[in-house]
Amino acid sequence: NMKILIASSQPFLPEIMGGMQKSSDILARMLHDKGHDCQLLTALIGSGWFGWMARMKLKLSGGPIVRDSGLGYPVGRAWFPWQCVERLACKEKPDVIIIPCGKPVQMALEARKAGIPVVMWLQNVEFTDHGGNFADLGYIPCVANSSFTAMKYHTAYGVDPVVIHPMIDGRRYRTDTTRENVAFINPHPLKGLDVAVKVAEKCPDIPFSFIQTWTSSEAEQKELKRKISGLSNVTLCPPVSDMRKVYQKARIVLAPSQWEEAYGRIATEAQYSGIPVVASNRGGLPEAVGRGGVLLDPDGDIHHWVDAVQKLWHDPLHYQSLSDFAFAHANRPELDIGWQLEKWENLLYDITGKPVERHA
């Protein structure tokens, strides 16, 4: 079996819970369960009880990395992971290094110094966040989380990424739902906050639930509260670790993103419970939503967004049709975790040159 290092400059669970963190966690767990030796190198925030303990361990050890295994696999955390990845790779000698988002070029260039094969895990299309020039990597093996992401990188850099959608364990999201509100997750301007507020204003008869995320700043929270202060049909909810608490009340998920989402995993999360998604028609969201929702121009007439929400809310036959499509789309073969893991394994075996091991 293989020895695998996933190295990112972003913080990790339990300090932060985003798409990259969720995807890396489930990939590491599944590789570990298949008998592979998988570990992570991530950044350390150092706040809260967990962060305080990690800071103390760093101080006592005198080294640049503190380790823990509470997630079921080893995780090394450092203030500056890009300064540690070469040394860690030379010490641990993994067969391959996977680089997810978070200054990926900077991480990859440092990791390559260890002389170990590197594969880029492309999870967004913000090229300015690379921490370097992606072209400096030359032709490099890549995995993209959507056909949209793969196309963007192929056009810009000539690489040919293998497309593997985010690994999402439907059991962690599927739930019975009372279908009593419209859920808008991560009420941030880039996620379409202004569109969501306008839709809520024009649908006073419909309850909306705006769910905050762990990373929102105090200033962002203050501005958010100001924007919804006059809307009695909007409830502002704190972040949650178990998203089933959100989906068990949602009739519709609203995703009017202004930026190009590389995939849009909340669409899949919601669709596991047959919840249709009203979303932007840009980036990877059309792949994530499929026929299980409505796709609209985020810069278009707000009345199109209002009409889409109103029809789903008030028309039972229309709702049931899109709900059925949503559930089917979340259960398409490309999202089968076993299939995704096999695709990951085959790619990594190919990159490392190790013989493929088949399990009964």
Of all residues making up the stretch 94-113, the number that are outside any helix (DSSP H, G or I) and either closer than 14 Å to CYS38 by Cβ or within 25 Å of the chain's Cα centre (by Cα) (or both): 10
Is at least one residue of the stretch 175-187 over 27 Å from TRP344 (Cβ atoms), polar (S, T, N, Q), over 18 Å from the mean Cα position of the chain (by Cα) and loosely packed, with under 15 Cβ neighbours inside 10 Å? yes
Looking across the stretch 1-13 at residues that are hydrophobic (A, V, I, L, M, F, W, C) and part of a loop (DSSP other than H, G, I, E, B), the single one that is surrounded by the most Cβ atoms within 10 Å (Cβ to Cβ) is PHE12
Evaluation of LEU190 against (1) open to solvent by 50 Å² or more (accessible area, probe 1.4 Å); (2) among the aliphatic types (A, V, I, L, M); (3) under 25 Å from HIS318 (Cβ atoms) (one fails), failing number: (3)
Give the residues of the stretch 36-53 that are modelled with pLDDT under 95 and either under 26 Å from ASN346 (Cβ atoms) or crowded, with 20+ Cβ neighbours inside 10 Å (or both), sorted by residue number. none
Which residue out of ALA135, ALA156 is among the aliphatic types (A, V, I, L, M), surrounded by fewer than 18 Cβ atoms within 10 Å (Cβ to Cβ) and closer than 30 Å to ALA267 by Cα? ALA156
Go through the stretch 14-64 residue by residue and tally those that are part of a helix (DSSP H, G or I) and on the phi > 0 side of the Ramachandran plot. 1
Name every residue in the stretch 277-319 that is under 19 Å from the mean Cα position of the chain (by Cα), open to solvent by less than 20 Å² (accessible area, probe 1.4 Å) and not hydrophobic (A, V, I, L, M, F, W, C), in order of residue number. SER280, GLY283, GLY284
Starting from residues that are without any contact (Cβ under 8 Å) to a residue 60 or more places away in the chain, of a type in the set (A, V, I, L, M) and surrounded by 13 or more Cβ atoms within 10 Å (Cβ to Cβ), keep the ones in the stretch 55-96 and report whichever is farthest from LEU27 (Cα to Cα). LEU58
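The values are calculated or read from the model by the stated rules, or taken from the named source; none is laboratory data. The shown structure was predicted, so the numbers you read here are calculated from the model rather than taken from an experiment. No Cβ is skipped: glycine too gets one built from the backbone with ideal geometry, and neighbour counts run over all protein chains shown. Heads up: the accessible areas ignore ligands, DNA and RNA and are worked out on the full protein's heavy atoms, side chains in. Shrake-Rupley method; radii C 1.70, N 1.55, O 1.52, S 1.80 Å.
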